[in-house]
Amino acid sequence: MTILVTGAAGFIGSHLCEALLNDGHRVIGLDNFDPFYDPAIKWDNLARALQQQTFKLVEGDIRDRSLLRQIFTQQPVDVVIHLAAKAGVRPSILQPGEYLDVNVNGTLQLLEAMAEARTNRLLFASSSSVYGNQAKTPFSESDDVSHPISPYAASKRAGELLAHTYHHLYGLDVACLRLFTVYGPRQRPDLAIHKFAQLALHNKPIPLYGDGKTRRDYSYVGDIVQGIRQLLELPAWGYEIFNLGGGKPVTLLDLVRALENALEQPLEVHFLQKQAGDVEQTFADVRKAFQHFGYQPKVNLAEGVKAFTEWFYSKEYNSSMYSL
């Protein structure tokens, strides 16, 4: 099977490419090496994949229609796994136009290219952010998601709707994956666990927005990759939305404690005013994913944070790339 992975050099994308290559697939990785964080990190992420003859890297932007047409005409693509996006809730509030252009227009261009090439299987990486600030838990795929509270969340919901349109018009098989706070080795440096570990390394205080009681459903990257691999084994998807999360939300203070245990050092915490766009809680109902393809998260927070810290301090870790 030939699989196109957009956002291949990112945190999740690089882990996924390695797993797909190990499964015997041919992988085309598309990435524009956006400078949202140091592109050297992304090249480092791809080091193992680039050693494989069955991996091809294409540098470019998902908004580039001619580039997409070239990818699909050079060889048949069986499945597209669309991870590429401008990420982050808070930055999207500062740059809403850029987020909507990349995440919505970029997804549109990809769907157009797929329809033209008659590539009819798409896994679209959505986000738990689409659930907004709803009080009902756990979050279910059938919940109302018509009230996003950040441009990032709105862009991800728009991507889901666009994918449904192309399912309806062109018969694309589409699985939208609502991912819940993915973490683990290679996590982006702007995300909480990585950011906190870097601050601890430099003996700086940890900023917590709000009172530390907001709850997040953390998902270990290996569990997410395994879920995607299981989903690929289904013969057809139709149009479906699946939550992929850990199913066990914890408070921000609990996360700090888990990181303290893994780092074996106390962390100084500074409480700051809650930021606009942040949701109070996320909590994935993963029963649908389990029923359809056996998704079952196995790595608990303590184990996952420990794996992250081992990577963080490993000999392979180049601290100069991640400096504050």
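The values are calculated or read from the model by the stated rules, or taken from the named source; none is laboratory data. These figures come from a predicted structure and were not determined experimentally. When we count neighbours, we look across all protein chains shown, and the Cβ atoms used for this are built from the backbone with ideal geometry, even at glycine.
Pick from VAL225, VAL299: which is of a type outside the set (D, E, K, R), under 16 Å from the mean Cα position of the chain (by Cα) and farther than 27 Å from ASN133 by Cβ?
VAL225
Might you let me know whether the range 121-131 holds any residue that is surrounded by fewer than 18 Cβ atoms within 10 Å (Cβ to Cβ) and under 21 Å from VAL182 (Cβ atoms)? Scanning the range 121-131 turns up no residue that is surrounded by fewer than 18 Cβ atoms within 10 Å (Cβ to Cβ) and under 21 Å from VAL182 (Cβ atoms). When GLY238 is tested against (1) small (Gly, Ala, Ser); (2) modelled with pLDDT under 95; (3) out of contact with any strand residue (DSSP E or B) (no Cβ under 6 Å at 6 or more places or on another chain), exactly one condition is not met: (2). Which members of the range 5-35 meet the condition of being part of a loop (DSSP other than H, G, I, E, B), free of Cβ contacts under 8 Å to residues at least 60 places away in the same chain and in contact with a helix residue (DSSP H, G or I) (Cβ under 6 Å, 6 or more places away or on another chain)? Answer for the range 5-35, where residues must be part of a loop (DSSP other than H, G, I, E, B), free of Cβ contacts under 8 Å to residues at least 60 places away in the same chain and in contact with a helix residue (DSSP H, G or I) (Cβ under 6 Å, 6 or more places away or on another chain): ALA9, PHE33.
Kindly indicate the residue of the range 41-56 that is over 18 Å from the mean Cα position of the chain (by Cα) and buried (at least 18 other Cβ atoms within 10 Å of the Cβ) and also nearest to LEU110 (Cα to Cα) among those meeting that condition. Checked the range 41-56; the qualifying residue nearest to LEU110 (Cα to Cα) is LYS56. Filter the range 122-144 down to the residues that are under 22 Å from LYS86 (Cβ atoms), within 19 Å of the chain's Cα centre (by Cα) and in a loop (DSSP other than H, G, I, E, B) and list them by number. Within the range 122-144, just GLY132 meets the criteria. Among the residues of this structure, ARG188 does not count as one that is closer than 19 Å to ASP285 by Cβ and either buried (at least 23 other Cβ atoms within 10 Å of the Cβ) or charged (D, E, K, R) (or both).
Criterion applied to ASP64, ASP38 was being surrounded by fewer than 17 Cβ atoms within 10 Å (Cβ to Cβ) and touching a residue at least 60 places away in the same chain (Cβ under 8 Å), and the one residue passing it is ASP38. Just to be sure before I move on: is TYR183 aromatic (Phe, Trp, Tyr), over 19 Å from SER150 (Cβ atoms) and surrounded by 21 or more Cβ atoms within 10 Å (Cβ to Cβ) in the structure I sent? Spelling it out, TYR183 is indeed aromatic (Phe, Trp, Tyr), over 19 Å from SER150 (Cβ atoms) and surrounded by 21 or more Cβ atoms within 10 Å (Cβ to Cβ).
If you check GLU303, GLU280, GLU268 for being in contact with a Ser or Thr (Cβ under 8 Å, 6 or more places away or on another chain), at negative phi and surrounded by fewer than 16 Cβ atoms within 10 Å (Cβ to Cβ), only one passes: GLU280. Consider the range 197-235 and keep the residues that are surrounded by fewer than 18 Cβ atoms within 10 Å (Cβ to Cβ) and among the acidic types (Asp, Glu). The one that is modelled with the lowest pLDDT is ASP211. Of all residues assigned to the range 55-74, none qualifies as being in a helix (DSSP H, G or I), among the polar types (S, T, N, Q) and in contact with a Phe, Trp or Tyr (Cβ under 9 Å, 6 or more places away or on another chain).
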